[in-house]
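The block underneath contains the structure these notes are about, expressed in structure tokens.
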Amino acid sequence: MKRTILIAEDDGDIVNLLSLYLKNSGYEVLTASDGLAAWGLFNREHVDLALLDVMMPRMDGWELARKIRGASNIPIIFLSARDQDYDRIMGLQLGADDYLTKPFNPMEAVARVQSNLRRFYELGAADTRREQAALRLGELCLDTEGMIFTKNGKSISLTPTEYRILKKLMSSPGRVFTKAQLYEGNDGEFLESDDKTIMVHISKLREKLEDDPRNPRYIKTIRGIGYKIEDKEA
């Protein structure tokens, strides 16, 4: 089954280049030159992953990401000429899974698309391995069959990347994972820039599951190494 990639970008040269490389890699490609047109395509067509330019006419990438994330958990990758930490953090806070700074190598873009699609679909029905249906720790419960996360019985929405990180942590309470281990896919792929983004994903996870994110009960930082999850009150 071919996966479908939505490219929302107003630079025609970038669209043509990305489309060429993605199609040569076996993907179907949908394109839109502004956010509003992209939102219309998203609602009419099946989309497996979205590549969103930040600055677009009619609807910018931030707003488009909010709309997509409100309707779906598909992977979102931002494309931006701005490499400020604020912009990267803003994108991740809106639920994006990755961030590419222009100019970028189209082969890297394809690699990131492949990586994010693997992470997303390996968590769902495409994963035929038998595993524990529910991971529990204190007030937390991660239903790995329904892909539902709850705290004290209240459902909490997670992005695909947040889900994958939390699943890995909750599968081995007390084990310390490096940033690379938390961000890598099953093939062990890890990109250098991911070292920064993993810290943002951990921060967002803490905001969602901790009563006091500054004094976390569950997700602990092991300085110089990585992170682990445990129940501080257990």
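Please enumerate the residues belonging to the range 21-59 that are of a type in the set (A, V, I, L, M, F, W, C) and in contact with a Pro (Cβ under 8 Å, 6 or more places away or on another chain).
Within the range 21-59, LEU49, ALA50 qualify.
Could you tell me whether any residue of the range 17-30 is under 16 Å from the mean Cα position of the chain (by Cα), assigned to a loop (DSSP other than H, G, I, E, B) and on the phi > 0 side of the Ramachandran plot?
The answer is no; no qualifying residue exists.
Of ASP187, ASP231, which residue is at pLDDT below 90, under 22 Å from ASN152 (Cβ atoms) and in a loop (DSSP other than H, G, I, E, B)? Talk me through it step by step, then tell me what you get.
Values: ASP187 fails: under 22 Å from ASN152 (Cβ atoms).
On inspection, the qualifying residue turns out to be ASP231.
Restricted to the range 72-84, and to residues that are in contact with a helix residue (DSSP H, G or I) (Cβ under 8 Å, 6 or more places away or on another chain) and not hydroxyl-bearing (Ser, Thr, Tyr), which residue is surrounded by the most Cβ atoms within 10 Å (Cβ to Cβ)?
Filtering the range 72-84 for residues that are in contact with a helix residue (DSSP H, G or I) (Cβ under 8 Å, 6 or more places away or on another chain) and not hydroxyl-bearing (Ser, Thr, Tyr), the one surrounded by the most Cβ atoms within 10 Å (Cβ to Cβ) comes out as ILE76.
Against the condition assigned by TED's automatic domain parsing to the domain that holds ASP98 and under 20 Å from GLU162 (Cα atoms), how does ILE76 come out, does it pass? It would help to see each step written out before you state the result.
Numbers: assigned by TED's automatic domain parsing to the domain that holds ASP98: yes; under 20 Å from GLU162 (Cα atoms): yes.
In short, yes.
What are the residues in the range 47-67 that are of a type outside the set (Gly, Ala, Ser) and part of a helix (DSSP H, G or I), if any? Break it down stepwise before answering.
If we filter the range 47-67 for residues that are of a type outside the set (Gly, Ala, Ser), which is where we start, we get 47-49, 51-60, 62-64, 66-67.
Correct list: TRP62, GLU63, LEU64, ARG66, LYS67.
LEU166: modelled with pLDDT of 80 or more, closer than 26 Å to ALA65 by Cβ and not in a loop (DSSP other than H, G, I, E, B), yes or no?
yes
The values are calculated or read from the model by the stated rules, or taken from the named source; none is laboratory data. Quick caveat, the model's predicted, so the values are computed rather than measured. In this analysis, Cβ positions are derived from the backbone assuming ideal geometry, glycine residues included, and neighbour counts consider all displayed protein chains.
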